[in-house]
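Quick notes on the structure that follows.
Here, each number is a calculation from the coordinates, and none is a lab measurement. Remember, predicted model here, so these are calculated numbers, not experimental data. Here the Cβ positions follow ideal geometry from the backbone for every residue, glycine too, while neighbour counts run over all protein chains shown.
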2 protein chains.
Amino acid sequence: MEETGQGAPREASVVVVGAGLSGLVAARRLAAAGVSVVVLEARDRVGGRTLSHTTAQGDRVDLGAQWIGPTQDRMTKLVAELGLSTFKQWYDGKKVLSLGGTLTTYKTSIPSLSLIGAVDLGITIQRIETLVKEVPIEDPLSAAKAFEWDGTTVEAWKRKNVKTRGAKAMLDTAVRAVFAAEPSELSLLFFLYYLRQGGGLMRLTEIVNGAQETRLAEGFQEVSKRIARALGEERVVLGAPVRRIAQDAGGVTVTSDAGTWRCKRVIVAVPPALAGRIDYEPGLPASRDQLTQRSPMGSVIKCVATYASPFWRQAGYSGEALSDVGSVKLVFDDSPEDGSHGALVGFFMGKDARAMSGKSPEERKKAAVDSLTRFFGPSAAAPIDYVDQDWPAERWSRGCYSMVLGPGVLTAHASALRAPVGRVHWAGTETARVWTGYMEGAVEAGERASDEVLAALG
Amino acid sequence: MEETGQGAPREASVVVVGAGLSGLVAARRLAAAGVSVVVLEARDRVGGRTLSHTTAQGDRVDLGAQWIGPTQDRMTKLVAELGLSTFKQWYDGKKVLSLGGTLTTYKTSIPSLSLIGAVDLGITIQRIETLVKEVPIEDPLSAAKAFEWDGTTVEAWKRKNVKTRGAKAMLDTAVRAVFAAEPSELSLLFFLYYLRQGGGLMRLTEIVNGAQETRLAEGFQEVSKRIARALGEERVVLGAPVRRIAQDAGGVTVTSDAGTWRCKRVIVAVPPALAGRIDYEPGLPASRDQLTQRSPMGSVIKCVATYASPFWRQAGYSGEALSDVGSVKLVFDDSPEDGSHGALVGFFMGKDARAMSGKSPEERKKAAVDSLTRFFGPSAAAPIDYVDQDWPAERWSRGCYSMVLGPGVLTAHASALRAPVGRVHWAGTETARVWTGYMEGAVEAGERASDEVLAALG
């Protein structure tokens, strides 16, 4: 590894910062067009917020992004092109609902609340879906109430519009599940726009016909690995955190811990919060810089507990659980396709992730297993394997799944999200025009940014 | 200037990052206790968000922090110790209120709205002052409604509680004036806590008996200059942006563009948003890192227009103006104490600052002079001097006056604001326990951080 700033800079037409899915898709597209490109990655691995792990039992589990679903056409095409093997998320059986300390089960999309609670939840969902449709996907700021909605939080909307404790708790859990944040952190406009990009609240929260429909046998990190392998080692440099991007009249000098590159254009394919930590010369315009100060990452720790068999299936449970108490408030079946072992994937979300980040894996395991045992009984008490990923503590992500915009940010800074700054272009799922926050958005953004660069290079 | 990482590191017991007021006060206190200290400053000047400028006419004007007031005892003592000359902010005469395109004047604290508007404004102020008192200054999270208040914005509170257009506009202007942000950006809890720290809404917004009471003939940057001069050139290193802070069992290695220092303790005396852009080894705990992602700086451009004389005084005006339209919505008399020239200081705040940041000084001058002419007539149309400071574009501040917390941040991350991380301590007015956002808070925070370090050094 070279010392920063030493030696003559290497050359490429384009430098991509970040070998996550978005950056690699951009690089692949540039390479296919015959453009010389190098991808600089801070970590010693590719894949960014996709991270696939092989358990002691030999099962591949996703500690990062895990599902694709309908209307995610780019991802569907990409996994097919790469020859990867999809299978359906397991959903058959009763779902567990834990509300106010009471466990119930249900089989439809709408959990078994009290009659009044169920009606209230139905009304709430319908109201949100109606509001979502009022946000134009091409320009959320043109919604008639854009400024009113960006002036308040999902929490404040909930307090005003949702009456029953059950429906409130369900909305809280849905928000945490989709955003890895508390309803208090979210601008109502950003919330609606994010849902709009994916096709609505039910589309984002469902398994069947929803964003949790399809898994990948090889795990989704494999998508990035295969793209990187095709690009070749000389075009994907690991252990190369980018520290400085200096533009001048003739090009750009990109300084990383693994050396310096000189290029014509740069694509920064990391979240705005991390992009803001790079030193730019000249400094970024205030609108872009202030956006990077206002686009924090969500808070989530993902964990997978493995069992000898998917014992809950035999008992008629789907493995899905939703709760308003406990450290882990959302669970899905995570068993391998052939059911040779059982696995449950759980999420510490929002305030629960913040409470458990930095704790020992043992402490988190205990908290997770406590939740799983509450949902699925004593058989869940002794997993044969446990693994988790503390995304907020992860130095080169600093949170997951994606950025979480508070009030006042979208209306003030939306125009800075994708606008190139001189020779610097922005990718990453945060900049997507569809399915932002998802792998589909990462691909769309990588394609869009590489198209910008191709047009600029002529 | 040395190359990064080259040569043997220099040594000091304590490195202070940032030669703003807070860092310099900390360094002064450490030096007085006989501790070897070095202050590393990114800019080629000291003073941070204080910046005093001498006009072509020889008048000293403050393009950064400009006033101190009652209960700011540390600053009062400090300017006296340093032998600096205070004088009272000019306030005699009629104030201008521009509301919905109509200009009126008033002489008291409460502007001349319609009768109903005035009553509504009075009720609003009284309500806010009552809420402020319900926030315990030692622990804002222990307020009975802390979580509810941190779940909503000042904008949403206003829409619900303030009825008349005039009172709403006055509240908007007060929020912009105090926070350099729009009401939509602010958590209601953060808003109340910030006011509580300074003594309430009227204390923060008033001249007489308020935070705009007293100016400094030499300009407030002189405070930092004199402290730096006393520390000496070898202890205050300019042009030294700190890039990396690496802790190990024996101490800390601080890497800057002007070389590397080895020390026992570090005080980071820059705002959290900028502190988050330093590379830490080991990485910061998630709670602290996520705070730095969630503590953006306010948006303000400050401008000063100079005239041959303070012509508005002769016409019976105080020079103070408040408006709900135009680029500059807040103005004060900024003439030198002897009135030998006239000057007006104006603020582009919140969305107006964002709209004008990065524009040419000529464009901003035109917008400012348009506003001043609306308020004070054609005599304001041709200033003999104009100067401004675009704080959001300023690379080593990236906004002013201070951090602006949105909903959900204080309740989730308050504990990370001051808590040392190993050998790294946090100063800066954002970490203050009184008068956060003000020079008084900067001093309090510098004293507190240096006391922590003295205790740790034994």
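Couple of notes before you dig in:
- For the range A:1-120, the share of alpha carbon pairs falling in successive 10 Å distance bins from zero is 9, 24, 25, 19, 13, 7, 2, 0 percent.
- Residue order, fewest to most beta carbons within 10 Å, for B:17, A:304, B:237, A:208: A:208, B:237, A:304, B:17
- Shielding value for B:43-52 is 0, the average number of Cβ atoms from other chains within 10 Å of each residue's Cβ.
- Counting all C-alpha pairs of the range B:125-240, share separated by more than 16 Å (%): 68 percent
- With both residues required to sit in the range B:1-137, DSSP beta bridges show an antiparallel share near 65%.
- Arranged from fewest to most other beta-carbon atoms within 10 Å of their beta carbon, A:185, B:430 become B:430, A:185.
- For the peptide B:180-191, the mean number of other protein chain Cβ atoms found within 10 angstrom of a residue's Cβ is 4.
- Antiparallel bridges, percent of DSSP beta bridges restricted to the protein assembly as shown (to nearest 5): 65 percent
- Selection from B:383, B:341, B:408 lying farthest towards where the dipole of the range B:299-412 points positive, charges on Cβ: B:408
- Using only side-chain charges placed at the Cβ, +1 for Lys and Arg and -1 for Asp and Glu, the dipole size of the range B:322-450 relative to its Cα centre rounds to 700 debye.
- Value of Rg to Rh for the range A:58-162 (Rh from inverse mean 1/r over Cα pairs, i.e. Kirkwood): 1.06
- By DSSP, the beta bridges lying fully in chain A are antiparallel in about 65 percent of cases.
- Helices in chain B, meaning DSSP H runs of at least 4 residues, each add -39500 (n - 2.57). Divided by all residues, the mean residue ellipticity at 222 nm is -10000 deg cm²/dmol.
- Residue order, fewest to most surrounding Cβ atoms within 10 angstrom, among A:413, A:425: A:413, A:425
- Distance violations [Cα-Cα > 23 Å] among B:133/B:160; A:133/B:160; A:168/B:163; B:225/B:351; A:158/A:329; B:94/B:329: A:133/B:160; A:168/B:163; B:225/B:351
- Size of electric dipole in the range B:380-458: Cβ of Lys, Arg +1 and of Asp, Glu -1, about Cα centre, debye, nearest 20: 400 debye
- Axial C-alpha extent at least 18 Å, average Kyte-Doolittle at least 0.0 - helices from chain B (DSSP): B:115-133, B:165-179, B:439-457
- Computed over the range B:337-458, Kirkwood Rh from alpha-carbon pairs, angstrom: 17.8 Å
- Taken along its principal axes, the alpha carbon cloud of the protein assembly as shown reaches lengths of 88, 68, 62 Å, longest axis first.
- ³J(HN,Hα) computed for each position of the range A:34-39 - Karplus, 6.51 cos²θ - 1.76 cosθ + 1.60, integer Hz, glycine/proline x: x, 8, 6, 9, 10, 10
- Since only B:173, B:132, B:144 are under comparison, the one whose Cα sits farthest along the positive direction of the charge dipole of the range B:111-212, derived from C-beta charges on Lys, Arg, Asp and Glu, is B:173.
- Convex hull projection area averaged over all views, the range A:157-209, Cα basis, nm²: 3.8 nm²
- Across peptide A:296-305, the average count of Cβ atoms from other chains found within 10 Å of a residue's Cβ is 2.
- Axis-nearest residue of A (beta carbon) for the A-onto-B rotation, whole Å: A:406, 2
- Projected onto their three principal axes, the Cα atoms of chain B cover extents of 67, 53, 38 Å, largest first.
- Computed about the Cα centre, the dipole magnitude for the protein assembly as shown is approximately 1140 debye when only Lys and Arg (+1) and Asp and Glu (-1) carry charge, each at its Cβ.
- Under Stokes-Einstein, with the Kirkwood radius over Cα pairs as Rh, the value for the range B:370-429 at 20 °C and 1.002 mPa s is 135 µm²/s.
- In the range B:310-394, the ratio of gyration radius to Kirkwood radius, Rg to Rh, stands at 0.96 when only Cα atoms are counted.
- Between A:323, A:220, A:250, the Cα set farthest toward the positive side of the dipole of the range A:204-325 (charges on each charged residue's Cβ, about the Cα centre) is that of A:250.
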